[in-house]
Amino acid sequence: MEPIKFTDFFQNFLEQTIEINKKLDGAGILILLEGTIDWNRLKKITEGTYVAIAATKPEYLEGAQDFDFKTVLLNLSDASSVYDRMTGAILEAVADDLFMPGSRIIAIYSGFDNSMLDSISIINLGEHLERLSGKELRKIETKVPLKTLKMVVDLALEIGREGREGKAVGTLFVVGDTKNVLRESKPAGFDPVRGYKCKERCLFDPRVREGIKEIAQLDGAFIISLDATVIAACRLLDTSTAMITLSKGLGSRHWAAAAISRTTNAIAIVVSQSSGTVRIFVNGEVVLRIESRHRRPMVWKDFEYEQPIQN
């Protein structure tokens with residue numbers, strides 16, 4: 001990857017970004033880098049402005065802290081979308097206390113040319129980011145008791161954050177409307193919870209939750225009743241996705257969750273293996289997205305973003 005070049009355009013772009021940050025009383029500038037940069041020149045231009053740098057590779061950030069730039073190393077690939085990298089950068093920056101959740105930041109990044117920073121977004125974190133609490137779950141229209149829903153979501157967050165034996169784990173929980181869910185699914189093979197008494201399958205028991213973490217690596221979904229009892233495990237959801245529309249990058253587990261939540265009155269909760277993100281599906285749509293790999297879980301509410309158009 002070639003270094004970011006300090007062309008006249010780039011210097012003017014940075015200066016205008018600094019002015020925007022001042023006029024909007026922003027908390028600072030977040031730069032999403034896709035290559036190396038001359039830290040000395042960047043420091044001279046941004047002197048007096050709070051700047052945080054985010055990148056997917058440590059070599060892109062090497063030397064930044066020598067010039068008092070705050071840094072965020074993303075656990076994502078260069079092939080990830082701009083949206084995903086921006087989301088990750090903001091969440092990591094807030095988790096590391098580089099920006100406060102209610103602040104406004106000015107983000108600059110490479111919209112369509114990786115060799116230069118050419119795009120800008122003004123992001124009000126108060127509108128898009130908040131700590132997870134019971135109030136977010138109460139907003140979800142469902143017959144699933146809040147106590148059960150929160151228990152399953154907390155378990156999903158733990159799986160997304162901790163993984164198992166040093167490896168990332170993805171899994172799927174389907175909560176409520178168990179008869180219809182079982183009808184719309186089939187066994188993937190051996191069911192590790194079959195034959196146990198109900199009290200031995202209740203998620204309110206810490207030992208049961210630890211057991212679920214152990215078998216979360218297996219294929220298939222967990223079917224959970226309204227009282228938080230694990231009805232079945234390793235179930236393959238056999239529901240059509242014909243009427244489902246999801247964001248790019250979401251895999252088969254998310255499509256299955258969307259389909260089962262649309263076909264039945266159940267709620268589907270998915271842990272992404274790649275990012276640890278927990279998504280809650282109701283009626284075929286994502287109603288809540290929670291980032292788990294932080295000191296505290298964070299709710300991210302999608303913001304408007306359009307890919308820049310090259311003239």
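The values are calculated or read from the model by the stated rules, or taken from the named source; none is laboratory data. Owing to the predicted nature of the structure, the values given are computational and were not obtained by experimental measurement. Every residue, glycine among them, receives a Cβ derived from its backbone with ideal geometry; neighbour counts consider all protein chains shown. Please note that ligands, DNA and RNA were not included when accessible areas were found on the heavy atoms of the full protein model with its side chains. Shrake-Rupley method; radii C 1.70, N 1.55, O 1.52, S 1.80 Å.
Viscosity 0.692 mPa s, temperature 37 °C: what is the translational diffusion coefficient of the chain from Stokes-Einstein with a Kirkwood Rh over Cα pairs, rounded to a whole number of µm²/s? Before the final figure, lay out each step's value.
Values: Rh = 21.1 Å.
Rounded, D is 156 µm²/s.
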Using the heavy atoms of the protein chains and a 1.4 angstrom probe, tell me the accessible area per residue for the chain in square angstrom. 51 Å²
What distance in nm lies between label points placed 7 Å from Cα along the C-beta direction at S247 and Q11? 3.8 nm
Using a 1.4 Å probe over the heavy atoms of the protein chains, calculate the carbon and sulfur portion of the accessible area of the chain as a whole percent. 47 percent
Looking at region 142-185 from every direction and averaging, what is the projected area of its Cα convex hull in nm²? 3.8 nm²
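Mean Kyte-Doolittle hydropathy of -1.0 or higher plus an axial Cα length of 20 Å or more: which whole DSSP H helices in the chain meet both?
Values: long enough: 8-23 (22 Å, -0.74); 146-162 (23 Å, 0.46).
Result, helices passing both filters: 8-23, 146-162.
Taking square-rooted eigenvalues a ≥ b ≥ c of the alpha carbon gyration tensor, is region 178-300 rounded, prolate or oblate, where a/c under 1.5 means rounded and, failing that, a/b exceeding b/c means prolate?
Values: a/c = 1.77, a/b = 1.19, b/c = 1.49.
Oblate.
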How about K5: which lysines have a C-alpha closer than 29 Å to its C-alpha, ignoring those fewer than 8 places off in the same chain? K22, K23, K43, K44, K57, K70
Computed label-point distance, nm, for sites E285 and E141 using a 7 Å Cα→Cβ extension: 0.9 nm
Could you size up the charge dipole of region 1-96 around its Cα centre, putting +1 on the beta carbon of Lys and Arg and -1 on that of Asp and Glu, and report it in debye to the nearest 20? 180 debye
For region 1-84, what does the convex hull of the Cα positions come to per residue, in cubic angstrom? 103 Å³
Of all alpha-carbon pairs in region 38-100, indicate the percentage at a distance above 15 angstrom. 51 percent
Taking only DSSP H segments of four or more residues, each worth -39500 (n - 2.57), what value at 222 nm results for the chain once the sum is divided by all its residues, to the nearest 500 deg cm²/dmol? -9000 deg cm²/dmol
